[in-house]
Structure formats: structure tokens, C-alpha cells
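Student: Have a look at this one.
The values are calculated or read from the model by the stated rules, or taken from the named source; none is laboratory data. All of these numbers come straight from a predicted model, not from anything done at the bench. FYI the Cβ positions are ideal-geometry reconstructions off the backbone, even for glycines, and counts take in every protein chain you see. Just the protein is used for accessible areas: all its heavy atoms, side chains included, with ligands, DNA and RNA removed. Shrake-Rupley method; radii C 1.70, N 1.55, O 1.52, S 1.80 Å.
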Amino acid sequence: MSETNDFGDFHAIIPAGGTGTRLWPLSRVAKPKFLFDPLGQGRTLLQSTFDRLAALAGKDHVVVSTGWRYVEPVREQLPDVDVENIFAEPVPRDSTAAIALATAVLARRYGEQTIVGSFAADHVIRGREAFAESVRQAVATARAGYVTTIGIAASRPSTAFGYIHQGLSLAARIPQAPSAREVERFVEKPDASTALAYLSTGEYRWNAGMFVMRADVLLGHLRTSRPAMFEAISRIADAYMAPAATREEAVDEAMARYWSGIEKIAFDYAVAEPLSLSGGVAVIPGDFGWDDIGDFNSVAALLPSVNERNLKVMGDTDQVVCLDSAGDVVAPMSGRTIVLLGVNDMVVADTPDALLIAPRARSQEIKSVVSHLQDEGRDAIL
């Protein structure tokens, strides 16, 4: 594989936003989950994502879009990323704005035919060669004018993910991407019976939110479908091209004037789904190990059991004592010992200022706990 030919015009965008509310109280507004190493691998989720993408695109071709409060932690964790390649958002405006701004700036720096790819900061991927091959084919498909997603093999009838319905092969049209297929449609998170039906057809893949496209294709779509967003993004991107001596001031002024008014909408809704209706979206199969660290159950699935009763520990196992208990997920982060007696299939997350105890089956609902605490004005522990 020749990186010069395959990835020379490819730039990776890492949207690093969101607080990971389903992993509260470990993930907080001040330190969200992408800055953590929940699996004890020695690299945080953000660092692991950067490592994967830098191996393909090169360190100088990886940019990060994040909230202003996370710029310093991101710089500390990713010293190889130039400050000019970190785009700080004053307030969250969802994935479309984050991806579009980075794309608009990269288009001005490298030309509108440059290929950009968005890869979330909090995913766990195993099988780097298979990942690299999927991205290589996605880049080739993007060069042909498609917004290209990487669809993950659905290993179970999950109701936690959206799905991609694969259509006709594009191999004849794009020889460099023999696995490419048109996207028939994107499907929202289904109920259990629908997910099982999808799985039985073999025509559906999980939507992992990975998108690769030419800059001009994305920006052209926004110009026609969301002109107000396109105009605001363009103004801010222009500011990033100001002379070095005045750039920071120009960006601050443009952000203050335009950013908060940008429509808050996910990339799937603003770009992928509309373009799929006209045959403008393709999918490359991603046959590598993939997990979205979305809640305690998803973390537990990636951790080894520490005993024969399927106890999973995020952190120091010596701080957990388990008697007549099974299937628990325990995060001892307060420095004190946690003792379980007759406790089954529970989440116990202990931090210095907050303790969470919940059934594993309700892991997805922890997000609502955060909303409840917010409504009560308990912002100090969020």
C-alpha cells in the first residue's frame, strides 16, 4: 500500500466533543470521556484515535475540533498536533458545524479537492490493517464524488446503533474500491425485532458515524441546502486564513459574530441522509473490531473478567472485594475500597464527590440522571 498515492490528499478530522453523560460520574463536563483511558491501555481514547489516523494520513494531516475548554487538555495529550490544527468551538453546535468548519479551513489551505474524513474521538478499533484498508477504499470512493461512510459488520441485533442499508455495488465505477456500495438509506435506532430482521438479511451495517468526502462535495451541499450555515462557516474559515499576526483576533471576532447562530444539527441529518436519497452516499464495509464507548455496558464488554463471576473493574482491582456477587461493573475512583455482597448485574461508579449505583440493564438511562441533576442545579458534580 502506497501512502503517498492512497492518502496524500487525505486529512483526518477528529470531532472531540460531548461529555459522555452515560458514563457519569466518571465522565464530566470538565473532563469528558475522550480524555480518559477507560480500558487501561496506556493511551486515552483521543490519543488512540490520533495514533490510528496519523499512521495513515501523517501527523500534520490530523486536526481536532473541540470545545474551547478542552483545547489545553487536547494540546497536552496530543503534542504532535500543531495549535493551528485545533479548532475551538465557543459553544457546541453539533457535528455538522464542527466537521464543516474544519473542512472549510482545510479546503482553503490545500484546495477544494482535498479529501477529509471525520472519525469520532471515543471509538475503540481493533485490527489496524483492516481499518486502513477500509479508509483507503473510502478515500478512493470520496475522490469519485461520494460522501462515503464506513459501515460496521452488525454482530448482534443491537438497538443502540443506527443502521445503513447497503445497495448496489460500485466496484465497476470505482475499481480502486471493490467493496464500495451505494447506500439505500440510513435507519434510526430500531426496536429489538426490527434489528433482528435487519441482521437476518445481511444487507445492513451499523452506522459508526465515520464519513469521508471531498471538501467541495460537502461544502457544495451545504451551500445549496443550508446557505445560512455555509455563509457563517465561510466567514469563520476566512478568518483562519488571516495573517499570523492578526489571525487569533480575526478568528475570535468571527466566532463571536457567527458561531452561536449556526444551526445545531447532526451530520447524519444535515448531509448523509439527504444525499443518500439521490444516490450520493456510498458505504465501505468495515470488517474490523469496533466499539462505541457509549455506556458502562459497552466498556464492560471490552474489559476482561477479574474472576469467575464475570466481575469487571475499571481501575485498581485491589480496591474491589466481591462476595456472592456476579456480573457487576465497578469503577473504584475515590481511593477507598468497594465491597459487594450479594450484588448482581449492577454498575457501581465511585468518585470522590459522587457515587452511582444502577442496574447494568439501565446503563443507557444514566444520561437522564445527569439531566435530573442539572435540573436540580447540581452543576458542581456534572
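Student: Could you check the spin-label model distance between GLN41 and ALA172? Points 7 Å from the Cα along Cα→Cβ, value in nm.
Tutor: With each label placed 7 Å out from Cα toward Cβ, I get 4.0 nm.
Student: Ok, one more. Cα centroids of the stretch 138-174 and the stretch 272-334: how far apart, whole angstrom?
Tutor: 23
Student: Follow-up question, since we're still on this one. Using a simple spin-label model with points 7 Å from Cα along the Cα→Cβ vector, what separation in nm is obtained for ARG362 and ARG109?
Tutor: With each label placed 7 Å out from Cα toward Cβ, I get 4.6 nm.
Student: What FRET efficiency would be calculated for the residue pair SER225, ARG257, taking the C-beta separation as r and a Förster radius of 22 Å, to the nearest 0.05? Display every interim value, and only then the final one.
Tutor: On the way: r = 23 Å, r/R0 = 1.03.
The value I calculate is 0.45.
Student: Along the three principal axes, how long is the stretch 72-164 when you take its alpha carbons, biggest first, rounded to the nearest angstrom?
Tutor: Per principal axis, max minus min of the Cα coordinates gives 40, 33, 27 Å.
Student: For the chain, report the accessible area per residue in Å² (1.4 Å probe, heavy atoms, rounded to an integer). Please report the intermediate quantities before stating the final value.
Tutor: Values: 16780 Å² over 382 residues.
Per residue, the chain has an accessible area of 44 Å².
Student: Just to verify a number: FRET efficiency for ASN307 and THR194, C-beta to C-beta distance, R0 = 41 Å, to 0.05? Write down the numbers at each step before the final one.
Tutor: Numbers: r = 37 Å, r/R0 = 0.89.
So the FRET efficiency works out to roughly 0.65.
Student: Could you tell me what % of all Cα pairs in the chain have separations over 36 Å? Before the final figure, lay out each step's value.
Tutor: Details: 18308 of 72771 pairs.
Cα-Cα pairs in the chain separated by more than 36 Å: 25 percent.
Student: What does the net charge come to around GLY111 if you take all other residues with beta carbon closer than 14 Å to its beta carbon, with K and R at +1 and D and E at -1? Walk me through the intermediate numbers first.
Tutor: Working: positive: ARG108, ARG109, ARG143, ARG214; negative: ASP9, GLU112, ASP216.
Neighbourhood net charge equals +1.
Student: Can you give me the convex hull volume of the Cα atoms of the stretch 193-247, divided per residue and expressed in Å³? Display every interim value, and only then the final one.
Tutor: Details: hull volume 8.1 nm³, N = 55.
In the stretch 193-247, the Cα convex hull volume per residue is 148 Å³.
Student: Something else now. Ordered by packing density, taken as the mean number of other Cβ atoms within 10 Å over each peptide's residues, highest first, how do 175-187, 303-315 rank?
Tutor: Details: 175-187: 18.4, 303-315: 16.2.
Result, highest mean Cβ count within 10 Å first: 175-187, 303-315.
Student: For the chain, what % of the accessible area comes from carbon and sulfur atoms, probe 1.4 Å?
Tutor: Details: 8390 of 16780 Å².
Here carbon and sulfur together make up 50 percent of the probe-accessible area.
Student: Treating the angle as unsigned and between 0 and 90°, give the value, to the nearest 10°, between the Cα long axis of helix 227-240 and the longest Cα principal axis of the chain.
Tutor: Relative to the chain, helix 227-240 is tipped by roughly 90 degrees.
Student: Sorted by mean Cβ packing within 10 Å, highest first, what order do the peptides 289-302, 9-22, 154-167 take? Intermediate values should be presented prior to the final figure.
Tutor: Details: 289-302: 19.2, 9-22: 22.9, 154-167: 17.5.
Packing order, densest peptide first, comes out as 9-22, 289-302, 154-167.
Student: If you plug each phi of the stretch 353-365 into the Karplus form 6.51 cos²θ - 1.76 cosθ + 1.60 with θ = phi - 60°, what whole-Hz ³J(HN,Hα) values come out, in order, with x for Gly and Pro?
Tutor: Each residue's phi maps through the Karplus curve to give 10, 7, 10, 10, 10, 7, x, 4, 5, 10, 4, 5, 7 Hz.
Student: Quick one: if the Förster radius is 45 Å, what FRET efficiency do ARG378 and ARG126 give, using the C-beta to C-beta distance and rounding to 0.05? Present the calculation step by step, with values, prior to reporting the outcome.
Tutor: Values: r = 37 Å, r/R0 = 0.83.
Using R0 = 45 Å, I get an efficiency of 0.75.
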